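None of the figures in this text is laboratory data; all of them are computed from the coordinates on show. This one's a predicted model, so the numbers in the text were calculated from it and none came from an experiment. Glycine also receives a Cβ, built like all others from the backbone with ideal geometry; neighbour counts cover every protein chain displayed.
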Amino acid sequence: MTRVTAMATQPFTEEELDDVYAFAVQLGKDAGKLLLEAAQARFNGSGQGSQDFSEKDSAVDIVTKADKDVEAFIKTSIAEKYSDHAFVGEESYSKTCSSRAYLITESTPTWCVDPLDGTVNYTHLAPMFCVSIALVLGGRPAIGVICAPLLNQLFTACRGRGAWLNETQRLPLVRHPSVPPMPANAPQGCVFSCEWGKDRKDRPDGNLHRKVESFLNMAAEVGGRGGKGGMVHGVRSLGSATLDLAYTAIGAFDIWWEGGCWEWDVAAGIAILEEAGGLITTANPPDDPLTSQIDHVELGSRLYLAIRPAGPSKTESGREGQERTVREVWRRVRGLDYTRPAA
């Protein structure tokens, strides 16, 4: 991880931030084009498009040549433009560091990059994969760019400038006559997004079992599961945390709940979700879900609960509806254990 001089810790002017944002958007487009070319080569059966991959921490935590090549392109492009910025990328970090203590400090402008989120999808020719690029300022994502080339979707956001799909459609997409409120009986009427994750240890009270119990609680009929049945409209698993967040920002998903993500999995998505008007907090329920304060999630916590942008209803503001939904999710999910290794 590159360190920067004290000069780089000064905040950007609005004009400078506009320039960085434009650079990030173009970088996302260029990196997405590289990823698309690699995918097309696979479709054509050329050697460059080989389905070969290697395992990292487990059989479902894998890396391909495309991951490495796209990250190298992004890292080089940033270094040439902003040599005093820090860089955290999934593949370069995994290769050079044995620990995963907190990676991003508030004093350092840091690019946080996942060159290919949804690698398993990519290797199986499923289109739900993307490039994810974020700039973190003051410890919080300020710019987010997500390019899903096979879906022809580019999600972008910059602090104070809104969130956009393909640079023309402002998020959330459902806006007429207004952004809809959260369902009155949420999580009923909600689409719930979740992922199985990479921790597949078959332990009775491990993360996998806790997730399955939580999924069942959210999906079961009202009154079922000892009163925890959420009766959500549907359960979705895209295989990409980055796209889960993007689709929550759109309003296609109402709720996203996940544990185990690293900073590069979520930084760009958080920037886009928040700029669209969404809420993000911790996945783990507090001791008293109905009264505990709902705090903004810390980047690097590995535990995330996101709620889509919401408008007001006749009885509550959009934020009140989001917070009510958070509490109802907390009542139904188990706490997850994704501690960070020591530095």
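When the listed pairs LYS75/LYS211; LYS33/LYS81; LYS68/LYS211; LYS29/LYS75; LYS68/LYS198; LYS33/LYS68 are checked against a 26 Å cut-off, the alpha-carbon distance exceeds it for LYS75/LYS211; LYS68/LYS211.
I need the peptides 12-23, 325-336, 132-143, 286-297 ranked by packing, meaning the mean over residues of other C-beta atoms within 10 angstrom, with the highest value on top. Intermediate results must be reported in sequence, preceding the final value.
Details: 12-23: 13.7, 325-336: 21.1, 132-143: 24.6, 286-297: 11.9.
For the peptides 12-23, 325-336, 132-143, 286-297, the packing ranking is 132-143, 325-336, 12-23, 286-297.
I want to make sure I understand the PRE zone here: with the label point 7 angstrom from the Cα of GLU221 toward its beta carbon, which residues in the stretch 184-198 have backbone N atoms less than 13 Å away? Under 13 Å, as judged by backbone N against the label point of GLU221, lies no residue of the stretch 184-198. Where the alpha-carbon atoms of the stretch 191-330 are placed on the principal axes, they occupy 43, 38, 27 Å, in descending order.
Computed over neighbours whose Cβ is under 13 Å from that of GLU167, the net charge equals +3, Lys and Arg +1, Asp and Glu -1.
ALA271 sits among other residues whose Cβ lies under 11 Å from its own Cβ, and their net charge, with Lys and Arg +1 and Asp and Glu -1, is +1.
Over all directions, the projected convex hull of the C-alpha atoms in the stretch 294-343 averages 4.4 nm² in area. Counted over the stretch 224-288 with a bin width of 10 Å, the fraction of Cα pairs per bin, in whole percents, is 18, 49, 27, 6. The angle between the Cα long axis of helix 207-219 and the main principal axis of the chain comes to about 50°, on a 0 to 90 degree scale.
The trypsin sites (Lys or Arg not before Pro) of the stretch 153-256 meeting both criteria, a DSSP state outside H, G, I, E and B (loop) and at most 10 other C-beta atoms within 10 angstrom of the site's C-beta, are LYS201. Counting only residues at least eight positions apart within a chain, or on another chain, the aspartates and glutamates with an alpha carbon under 17 Å from that of LYS314 are GLU323.
Across all Cα pairs in the chain, the calculated P(r) in 20 Å bins from zero up to the longest distance comes to 32, 59, 10 percent per bin. Rounded to the nearest 5, what % of DSSP beta bridges with both residues in the stretch 191-330 are antiparallel? So the antiparallel bridges in the stretch 191-330 amount to around 55 percent.
Charge tally for ASN152 (other residues, Cβ to Cβ under 14 Å; Lys, Arg +1; Asp, Glu -1): +1.
For the chain, the longest principal axis of the C-alpha atoms and the axis of helix 65-81 are separated by about 70°.
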